[in-house]
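The structure appears below as structure tokens.
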Amino acid sequence: RLTSQANSMRGQTAKRARVAKNLDVRAERIAAQRVEAPKVKRRLDVRLPDPPPAGRTVLEATGLWKSYGALDVFEDVTFDVGRGERLLIIGRNGAGKTTLLKIIADRLDADLGEVRLDDRTRPGYFAQEHEGITAGRNLLDHMRENGGIGDEQGRAVLGMFGLSGGKAFQDAASLSGGEKTKLALAQLVAGGHNLLLLDEPTNNLDPSSRAAIGSALAGWGGTMILVSHDPDFVRALQPDRVLTMPDGTLDYFSEEMLDLVELA
Ligand code: ADP
């Protein structure tokens with residue numbers, strides 16, 4: 001009796017083991033067939049603020065001439081820029097690109113010629129100096145200063161330039177050089193400007209910062225005049241036309257010019 005009981009128990013055990021094994025196999029099969037649930041992407045529905053309305057022709061430059069002492073930097077530069085246009089300024093070192101941008105930004109006077117802005121043109125100028133950054137004020141304070149955007153939108157715009165999360169509450173003076181650049185550009189696009197004058201905004205930045213700035217600015221609807229030696233950045237912005245200094249020759253932009261951008 002004992003023996004038969006023992007046999008029967010062994011049978012049960014063996015049976016349980018088989019069932020367990022089958023279950024394992026099934027579980028494995030199910031696991032293998034399981035379709036990964038799609039990761040829910042958090043799509044932040046934010047866009048850069050629209051620039052204020054602009055006239056059809058944002059800017060007209062006529063007969064600009066600039067010299068420093070005996071050095072004639074350029075002699076007769078004439079061009080105009082239409083609403084929404086992106087104009088890239090290229091030329092070798094010393095060709096007068098920065099000088100021209102400063103004249104347009106009204107930081108410097110031309111010796112001859114004039115720059116006429118449409119009544120509705122609101123220019124914003126970016127150079128490497130980070131002149132707009134105040135110690136003791138955080139990033140959101142800086143975003144608030146520049147016009148009517150709320151804190152939520154301010155944080156969203158900062159995030160688009162790669163300054164996310166707690167960075168918004170950091171003292172702006174403690175930012176790295178690259179972060180100061182991002183803050184300055186975030187302020188410009190959210191600051192009620194419709195014409196941005198950008199002098200090498202990606203200079204001295206690491207590749208991921210350059211890409212962040214490129215894609216953020218590419219989504220902005222205003223007019224831009226820019227100087228850049230960074231072909232990836234220029235490609236991201238897709239300029240419409242190119243002004244070659246010091247001659248002031250205008251051309252439509254094409255991808256072949258990206259080689260010149262790097263060399264210039
Ligand atoms: P780019 O931006 O194309 O490199 P710049 O506009 O900076 O050229 O400079 C054009 C020329 O004017 C250069 O030869 C430069 O040395 C000269 N230059 C620029 N600023 C001054 C200045 N304040 N005084 C004298 N020469 C200057």
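The values are calculated or read from the model by the stated rules, or taken from the named source; none is laboratory data. The model shown is predicted, which means the values in this text are computed figures rather than measured ones. All Cβ positions, even for glycine, are placed from backbone atoms using ideal geometry, and neighbour counts span all protein chains on display. Areas reflect the complete protein model, heavy atoms only, side chains present, ligands, DNA and RNA absent. Shrake-Rupley method; radii C 1.70, N 1.55, O 1.52, S 1.80 Å.
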Note to self: Just the residues that are surrounded by 21 or more Cβ atoms within 10 Å (Cβ to Cβ) and either in contact (Cβ under 8 Å) with a residue 60 or more places away in the chain or out of contact with any Gly (no Cβ under 8 Å at 6 or more places or on another chain) (or both), please, taken from the range 192-209.
What the structure shows: His193, Asn194, Leu195, Leu196, Leu197, Leu198, Asp199, Pro201
Notebook entry, point to check: Would you pick out the residues in the range 229-264 that are modelled with pLDDT under 95 and of a type in the set (Ser, Thr, Tyr)?
Noted result: Ser254
Margin query: Pairs needed: first member in the range 87-103, modelled with pLDDT under 95 and near the ligand (Cβ under 6 Å from one of its atoms); second member anywhere, part of a helix (DSSP H, G or I) and of a type in the set (Asp, Glu); C-beta distance under 9 Å; at least 6 residues apart or different chains.
Written below: none
Check: Is at least one residue of the range 136-158 within 28 Å of Asp259 (Cα to Cα) and either open to solvent by 30 Å² or more (accessible area, probe 1.4 Å) or among the hydrophobic types (A, V, I, L, M, F, W, C) (or both)?
Finding: no
Next item on the list: Report those strands (runs of 3 or more DSSP E) wholly inside the range 215-264 carrying at least 1 residues which are buried (at least 19 other Cβ atoms within 10 Å of the Cβ) and of a type outside the set (Lys, Arg).
Entry: 223-227, 241-244
Check: Tell me, which residue of the range 73-82 that is closer than 15 Å to Leu59 by Cβ and surrounded by 20 or more Cβ atoms within 10 Å (Cβ to Cβ) is nearest to the ligand (Cβ to nearest atom)?
Finding: Val77
Checklist line | Answer from Gly84, Gly162, Gly124, Gly132 - the residue that is more than 17 Å from the chain's Cα centre (by Cα) and either in contact (Cβ under 8 Å) with a residue 40 or more places away in the chain or not in a helix (DSSP H, G or I) (or both) | finding: Gly132
Note to self: Looking at the structure I just gave you, is Leu100 buried (at least 21 other Cβ atoms within 10 Å of the Cβ), over 24 Å from Phe233 (Cα atoms) and not β-branched (Val, Ile, Thr)?
What the structure shows: no
Notebook entry, point to check: Within the range 241-263, how many residues turn out to be more than 16 Å from the ligand (Cβ to nearest atom) and acidic (Asp, Glu)?
Noted result: 4
Check: Is the range 120-131 home to any residue that is away from the ligand (no atom under 12 Å from the Cβ), more than 21 Å from Asp199 (Cβ to Cβ) and either of a type outside the set (Ser, Thr, Tyr) or open to solvent by 70 Å² or more (accessible area, probe 1.4 Å) (or both)?
Finding: yes
Checklist line | Of the criteria (1) assigned to a helix (DSSP H, G or I); (2) at pLDDT below 90, which one Gly148 fails | finding: (1)
